[in-house]
Amino acid sequence: MTEYFEVHERDGAARVGELRLSSPRTTPALVDDVLEDAGSLWSADRDLPDGDESRLTVLPHRAFPGGTPEEVQASFAVDAPDVDYPSVAVVSSEDVEPQGTDAYALSDVQSVMGHGAALVEAVVDVREAIPADTALLFSGVATPRNVALLAYAGVDLFDATAAVVKGTEGRYLTTDEAYFLEDLEELPCSCPACQGPREEFTREDCADHNRHALESELAIVRRRIRDGRLRDYLEGQARHDQWLTAAMRELDDQWGYLEERTPILRDARIDAATGDTLRRVEIQRFADRVTTRYRNRFDNPLVLVPCSAAKPYSESQSHRQFHDAIQWRGHLVSMTSPIGVVPQELETTYPAQHYDTVVTGRWTEDEKEFVSEVLQRYLERNEYPKIVAHVPDEGYRDIVERVEERLDLDITYTVADHPTDDESLANLSEALSGELKYSKREREHNTVRALADYLLGDGAGDDLFADIQTTSRYPKIQVRDDEDTQLATMVPQYGTLSFTLAGARRWLESAAPTKRVEIDGFVPHGSVLAPGVVDADDDIRVGDEVIVEGPQAFAVGRAEMFGREMAESTRGIACEIRHVEEK
Ligand SMILES: [Zn+2]
């Protein structure tokens, strides 16, 4: 039961939360000034402290050094007493039991710092064992350089102890380095502590500066989480210390932990500037869904084209020229790093129109292999009467030829020199001569079905939308049944569908996997708060369409938490309701 902590914004495993003390604090943040430690039970029997709402009280504890055998820890374990003030339980990452407190502090944190795999294992073990709406405290370790990674992994609360101690030892900390004070001819900072003349700068000032630098980095981290862009920042920031980059990569291997916490859509750009971007959940999930859920429904030849910098691709100059040559006679699939392949129906779907990549024309081997693998899986699942590759030499052709050889295909190449030169466009048009154009109706129906496949699962498009009509102009397609009742609308901003109540009912009756939130006996308007949720499906992700149902109401809306978080949490908005009907 967490009364004193609430998560407001999520960005993967990172969260902006509120520590609800008498003067509330936005997290991730330093909490030294409000932390009161009741002390270790090793040195004395402790009385239960008189906590109050102005402080975060660390309950009496026995901390164990990292590596202490589990049975030893268990025999000395302390169960947190039930208190009615903001409290922290001290736990070891090797043996975590939920204690009903608002926050948890990791006792063996010192032993995992500096080691990517150990840190990630510790954070994931604790986070998976404690309720989602409780805060995680890492005491004595935060520096301006490591705190972005720690927050990204899922740590909410910190103290300035390490930064201050290092300052008094003459170490001047920045987000990228830990300098020896005597090596600095000038101070690379303009915080209040660094205002005076260099020769008068003392170790005490250095400790002050370190604290400022840590506070300021935490403010950047909070801003990045709110923007859904902490990862983009971290891919640069983690480069300043090798173990931090190692930790980021180790965390990428914790697919289940990160995927559950990563929204399926959001209004945030993805910067594809490093090789690590390929391993982001958003990128891997798109590639996975395109190759396991999406199905091509056109009978026309496949036309592979390069992506464009402008998004959605169809609005770019180059793609308009491709379109003039193709004239709806081919099914357009764009090849791109870091997304893989993007069928035309999914060109607006997050993150296909939400990334920016570094354009040099040079591909790394990792990029080539990633796109080759996605294209191969795509072609293993989807058969075409003919494949036309309208791709330039740089990287693209190499990738197509790899897949052509692996799958023993016969692909027609149409680019002479550059994809948009006259000769190449004429070749493209010629390669499609004699092919029939598909209709606007077919195009729109297949787009709606593709979005349903992508969102809900393999076959969902046919299960839900076999017989439909579409109205309104692409990309704001409205989906109606044969009696003209509206079922859903396409949301062009994220390339997703939002359902009406009639659509939600059809979804429930169909064979497509549903995402259900069971609520108590009330009629929700606006938001459903977590305490009102009785149960929620495990596969719900932030941004998913959800059917919300209870004894008194049937509703449809969008998830603001992942499924397990909705079921576990005692505070916060679980989902936003779009339409509701009283039972
Ligand atoms: Zn400073």
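The values are calculated or read from the model by the stated rules, or taken from the named source; none is laboratory data. It should be emphasised that the depicted structure is a prediction, and the values quoted were computed from it without experimental measurement. Here the Cβ is made from the backbone with ideal geometry for all residues, glycine too, and neighbour counts use every protein chain on show.
Sort out which residues of region 548-566 are in contact (Cβ under 8 Å) with a residue 40 or more places away in the chain and closer than 14 Å to residue 520 by Cα, and write them in order of number. 554, 555, 566, listed by residue number. Against the list (1) in contact with a strand residue (DSSP E or B) (Cβ under 6 Å, 6 or more places away or on another chain); (2) buried (at least 16 other Cβ atoms within 10 Å of the Cβ), the condition residue 496 fails is (1). The residue list 121, 185, 128 contains one member that is surrounded by fewer than 21 Cβ atoms within 10 Å (Cβ to Cβ) and part of a loop (DSSP other than H, G, I, E, B), which is 185.
Can you work out which of the residues in region 65-91 that are of a type outside the set (A, V, I, L, M, F, W, C) and modelled with pLDDT of 90 or more is farthest from residue 124 (Cα to Cα)?
Step by step, filter region 65-91, then rank; the result is 85.
Looking only at residues in region 143-191 that are of a type in the set (Gly, Ala, Ser) and under 27 Å from residue 133 (Cα atoms), the one that is farthest from the ligand (Cβ to nearest atom) is 154.
Does region 167-175 contain at least one residue that is out of contact with any strand residue (DSSP E or B) (no Cβ under 7 Å at 6 or more places or on another chain), within 30 Å of residue 268 (Cα to Cα), acidic (Asp, Glu) and surrounded by fewer than 24 Cβ atoms within 10 Å (Cβ to Cβ)? No, region 167-175 contains no residue that is out of contact with any strand residue (DSSP E or B) (no Cβ under 7 Å at 6 or more places or on another chain), within 30 Å of residue 268 (Cα to Cα), acidic (Asp, Glu) and surrounded by fewer than 24 Cβ atoms within 10 Å (Cβ to Cβ). For region 271-290, residues that are of a type in the set (A, V, I, L, M) and out of contact with any helix residue (DSSP H, G or I) (no Cβ under 6 Å at 6 or more places or on another chain) total 4.
Counted as qualifying within region 216-272 are the helices (runs of 4 or more DSSP H) with 3 or more residues that are closer than 18 Å to residue 358 by Cβ and modelled with pLDDT of 95 or more, namely 230-237.
Among the conditions (1) surrounded by fewer than 12 Cβ atoms within 10 Å (Cβ to Cβ); (2) under 16 Å from residue 328 (Cβ atoms); (3) free of Cβ contacts under 8 Å to residues at least 40 places away in the same chain, the only one that residue 436 does not satisfy is (3).
Exactly one residue out of 372, 334 is modelled with pLDDT of 95 or more, among the small types (Gly, Ala, Ser) and within 27 Å of residue 443 (Cβ to Cβ), and it is 334. In region 203-219, the residues that are under 13 Å from residue 181 (Cβ atoms) form Cβ pairs under 7 Å with partners that are part of a helix (DSSP H, G or I) and within 8 Å of the ligand (Cβ to nearest atom), at six or more places apart or across chains, as follows: 205/193; 208/193; 209/193; 209/194.
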